[in-house]
1. Among (1) open to solvent by less than 30 Å² (accessible area, probe 1.4 Å); (2) at pLDDT 85 or above; (3) of a type in the set (A, V, I, L, M), which single condition is residue 116 missing?
2. Where residues in segment 92-113 are part of a helix (DSSP H, G or I) and open to solvent by 80 Å² or more (accessible area, probe 1.4 Å), which of them is nearest to residue 17 (Cα to Cα)?
3. Return only the number of the condition from (1) open to solvent by 40 Å² or more (accessible area, probe 1.4 Å); (2) without any contact (Cβ under 8 Å) to a residue 24 or more places away in the chain that residue 81 does not satisfy.
4. Out of all the residues in segment 32-44, is one or more within 16 Å of residue 106 (Cβ to Cβ), touching a His at 6+ places or on another chain (Cβ under 9 Å) and either open to solvent by 40 Å² or more (accessible area, probe 1.4 Å) or at pLDDT 65 or above (or both)?
Amino acid sequence: MSSELQMTSDRRQRWLDGFAVTASVLCLIHCLVLPAILVALPVLATMLAVPETFHAIAFALALPTSVLAIASGYRRHRRRWPFILAGAGLTLLGIGAFAIDTETAERAVSTTGAVLLAVAHVGNWRALSHRTGTRPACPTEDEA
């Protein structure tokens, strides 16, 4: 693979993992911080109603993004643990989105899934940096 193609591939990989970690963090904020704010400021609860389909849409975005990022990373570094951890996280997110009716249980399962998925993506990113011997840099404005 030429040097230029490798840089483009690495940039895409960093972007996918960065996007997935950001999505996981936003999920955690949604699951943990938003309920606390709504309890503290009840008037916001009427303005920030989350539609019932939110979790299904979030899962539909997380699934292909995560599978693509983790599988692409695995092809380069051959470490299985990010793939296994991401699978567990996605499974828990799916269960939280589609199989649990109580809010407390759904929040606990979804939060655990989001944390596992974020750890998997960070691990994927780090495994790639160990493969090349350099740590992936954050994209610059020109690369983003």
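1. Condition (1) is where residue 116 drops out.
2. Among them, the one singled out is 98.
3. Result: residue 81 passes all but (2).
4. So far as segment 32-44 goes, no, none of its residues is within 16 Å of residue 106 (Cβ to Cβ), touching a His at 6+ places or on another chain (Cβ under 9 Å) and either open to solvent by 40 Å² or more (accessible area, probe 1.4 Å) or at pLDDT 65 or above (or both).
The values are calculated or read from the model by the stated rules, or taken from the named source; none is laboratory data. Just so we're clear, the structure is a prediction, and the values are computed from it rather than from any experiment. Neighbour counts run over all protein chains shown; Cβ positions are idealised from the backbone, glycine included. These accessible areas exclude ligands, DNA and RNA; they are computed on the full protein's heavy atoms, side chains included. Shrake-Rupley method; radii C 1.70, N 1.55, O 1.52, S 1.80 Å.
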